[in-house]
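S.K.: Quick one: the structure is below, questions incoming.
The values are calculated or read from the model by the stated rules, or taken from the named source; none is laboratory data. Being a predicted model, the structure only gives us computed values, none of them experimental. Note: ideal-geometry Cβ built from the backbone for every residue, glycine included; neighbour counts use all protein chains shown. Calculation scope for accessible area: heavy atoms of the full protein, side chains included, ligands and nucleic acids excluded. Shrake-Rupley method; radii C 1.70, N 1.55, O 1.52, S 1.80 Å.
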Amino acid sequence: MQNDYDRRTTHRHKLAPLLPTGAARERRLRLYLLAVCNHLVGGLALTGLVAYIAHDSGLDQALARTLLFWPIVLLPVAFAILAASALENLGEETAQALFWAYAVLIGLSLGSVLPVLAGVPIAPAFLAMAISIGTLSLYGHLTEDPPSTPAALLIAVLAGVVDAALVGWSSECSALLFIISVAGVLLLVGLTACRMNRIRHLDRQFYPHDDPSKGSIKAAFGLYLDALSLVLFRTTATASPAR
């Protein structure tokens, strides 16, 4: 007759194929971090595109002459406060919709206020940040390493700085735009590195799900909100003398 020890041992052996190995956990974590980077790249690129269209089409100057200017400028601030407080309780689809809507709203807001008040187009700065985080994702895909290694972060910074230098060199407000773009890249990459522990915590929270991208939109949204607040603070401090 099988004793309790034998039954427990047999039960563990039956569960063994179902338990994730260390290699499987690391692979899933890499896919999760790549999904976070991909969402963040999409949000930054969308913001930059909307900001570019708002400035290039003259929509920013048109809005500056209407009563809608300040509501459009200030609405993202209220939106960010509400989204940050409710982010953990949002469903996956709701978080997706809010993330893309906020990216558009930020592009319209910053693409209008900074060219009008400071004479600085903000779209190149978001392009530099998108290229920087996109480099993290590309590094992870090519090397099969997590996009959070020191080498990946260093390459991301270099890619963003080179892009900022090229855009700043061809722009009429080269020095100020270069400073804003480089500051945005450094703050975003630094914040991404600091937030990796939080992102890993979210990954462990959503680990039982089969889809590695589960919860990645919330991590990307939170990172986008935090990075944006730092970039706005730095941009305001840098551009204020130019007003």
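S.K.: At 1.4 Å probe size, with every protein chain present, just tell me what the per residue accessible area of segment 34-153 comes to in Å².
M.R.: I get 45 Å² per residue for this part.
S.K.: For segment 25-76, give the percent of accessible area contributed by carbon and sulfur heavy atoms, probe 1.4 Å, rounded to a whole number.
M.R.: That share works out to 68 percent.
S.K.: Another one. Quick check: residue separation of Leu59 and Ala86 times 0.36 nm, minus the Cα distance between them. What number comes out in nm?
M.R.: 6.5 nm
S.K.: Ok, one more. What is the dipole size for segment 37-159, taken about its Cα centre, with +1 at each Lys and Arg Cβ and -1 at each Asp and Glu Cβ, in debye to the nearest 20?
M.R.: Working: 1 positive and 7 negative charges, 87 e Å.
That gives a dipole near 420 debye.
S.K.: So how much slack lies between Val162 and Val104, counting 0.36 nm per residue of separation and subtracting their Cα-Cα distance, in nm?
M.R.: Values: separation 58, 0.36 × 58 = 20.88 nm, distance 2.58 nm.
Extra length available between Val162 and Val104 comes to 18.3 nm.
S.K.: Order Glu144, Glu88 by their accessible area, 1.4 angstrom probe, all chains in place, largest first.
M.R.: Correct descending sequence by accessible area is Glu144, Glu88.
S.K.: Consider all pairwise Cα distances in segment 98-188 and report the whole-number % of them above 16 Å. Don't jump to the answer; show the numbers that get you there.
M.R.: Numbers: 2330 of 4095 pairs.
Result: 57 percent of Cα pairs exceed 16 Å.
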